[in-house]
Structure formats: structure tokens, C-alpha cells
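The values are calculated or read from the model by the stated rules, or taken from the named source; none is laboratory data. Since this is a predicted model, take the numbers as computed values, not measurements. With ideal geometry, Cβ positions are generated from the backbone for all residues, glycine too; neighbour counts draw on all protein chains shown.
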Amino acid sequence: MKKKESIIKYYKKQSGFYDITRPLFLFGRSIIVKWIAETNPKGLLLEVGCGTGHLLKLLARNTDFVLTGIDLSSDMLEIAKRKLNSSVKLYQTDLTDFNPNEKYDAIIFSYVFTLELDKRKEQIIKAKQLLKPNGRIYVLDFHRYGSTLYKRYMNWHGIEMGVELLQLLESEFKTEKKITKKAYFGIWEYFLYEGVNEKYK
């Protein structure tokens, strides 16, 4: 089974209880919303892998952005549609297949890259193409395993962590903010990143 099909199948099963379980381990989402609200109060914002619309709902409350979300899972998007105002645009698509007419002031990836870590370079190049000059990228994701047992568990769920993701972001964007944090006393680490698209061409 191809990775894209595997992701769609996985989130079809997860969609019904996603919003109940994810606060237990998808840490940092309120922090990244605060960063965005402080830096980019208006313009066009795209969330890649918007899922059930949790972040888009927070952004709608805390910013004046015109919001767009994309996700592979129709099941997740159906939940997002019920949460969000009709002004939020939602599309079922992969980032590589998404070709809008507009450029964005900000793009956010929340726990997306580690679903297909080997495609991080391809996804970052696409994000740079979709950002306006001096547009900002915000990334929140897993960073490093704290134990072999946890690595096996996350790999079973299709997640692959690696410090090379943050290193690549720092090489492609001008870093404005970055922090790494430990979860559950170091079972794993996650990071938050804000960068500026200065290398836009």
C-alpha cells in the first residue's frame, strides 16, 4: 500500500476520536497559535494537514487571517467543516498537488512532516513556492525519540522522527524563533519553529 493511501486509511479510523486523544501528545499547538497571532495578524494563511480543524478554529478566534486548510482525509475534513465558519476554505488534497492562484502570508505545518519524513525536502520546496516574499512558515512537530521502545511504538503508527527536519528548515528559511521541549519527562522531544521566506525566487 502506498504511503498516501495508508495515511487516508489510518485517519479514517482515527477521525472519530481524534480530538479526544490528540491533546495527550500533540503538544505546543496553543503556543504556535500565539506566535502566529503576534507576528502575522492578517493576510492569507494556509494550514497543511489541517485535520479536524482544531488549529484553524483557534486561528479564526485569534487572528484576522483569511484561512485555508488542506488535508488528505475526507473523514477529517468533514469534522472540520462542522466546526468552522463557511469562510474557511477546505480542500481534500496533498500539498504536492495543491496549486492555488494565490500566494500565502503564512503556512503552518502541525505534526505533518513526520508522517512522511523522507519527503521533507519536497514539501519545503513546495511551501516556499506558495509563500509570498517574506512570508512565514510555522512548524510544530516531533523532533527526537527518547527511547527505543517509544521509537518502535511511533513507527508502528507511521511516524518517523529526526533532527534533520529542523536542520533543513533552518537552512531554507531565516530563523525567527525555535524551541525544543521534552514530553513526559523525555520520552520524546518536539519542536516549534518560525522562519521567514527570504530566499524566495
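Which pairs do you get when a residue that is over 16 Å from V66 (Cβ atoms), found in the range 78-97, comes within reach of a residue that is surrounded by fewer than 13 Cβ atoms within 10 Å (Cβ to Cβ) and modelled with pLDDT under 95, reach meaning Cβ atoms under 6 angstrom, with the pair 6+ apart or on two chains?
Q92/S74
Which ones in the range 92-120 are among the aliphatic types (A, V, I, L, M) and either farther than 17 Å from L165 by Cβ or touching a strand residue (DSSP E or B) at 6+ places or on another chain (Cβ under 6 Å) (or both)?
Listed by number, the residues that qualify are L95, A106, I107, I108, V112.
Under the condition of being among the charged types (D, E, K, R) and farther than 20 Å from E5 by Cα, which residue from the range 77-102 is nearest to the chain's Cα centre (by Cα)?
The residue in question is K89.
Restricting attention to strands (runs of 3 or more DSSP E) lying wholly within the range 121-201, give those where 2 or more residues are crowded, with 20+ Cβ neighbours inside 10 Å and touching a strand residue (DSSP E or B) at 6+ places or on another chain (Cβ under 8 Å).
131-145, 188-196
Limited to the range 2-50, what total is found for residues that are modelled with pLDDT of 80 or more and either assigned to a helix (DSSP H, G or I) or touching a Lys or Arg at 6+ places or on another chain (Cβ under 6 Å) (or both)?
11
Tell me the residue from F109, F142 that is under 19 Å from I32 (Cα atoms), out of contact with any helix residue (DSSP H, G or I) (no Cβ under 7 Å at 6 or more places or on another chain) and of a type in the set (A, V, I, L, M, F, W, C), please.
F109
Looking only at residues in the range 85-120 that are crowded, with 20+ Cβ neighbours inside 10 Å and in a loop (DSSP other than H, G, I, E, B), which one is modelled with the highest pLDDT?
V88
When only residues in the range 140-182 that are β-branched (V, I, T) and touching a residue at least 12 places away in the same chain (Cβ under 8 Å) count, which is farthest from L115 (Cα to Cα)?
This residue is T175.
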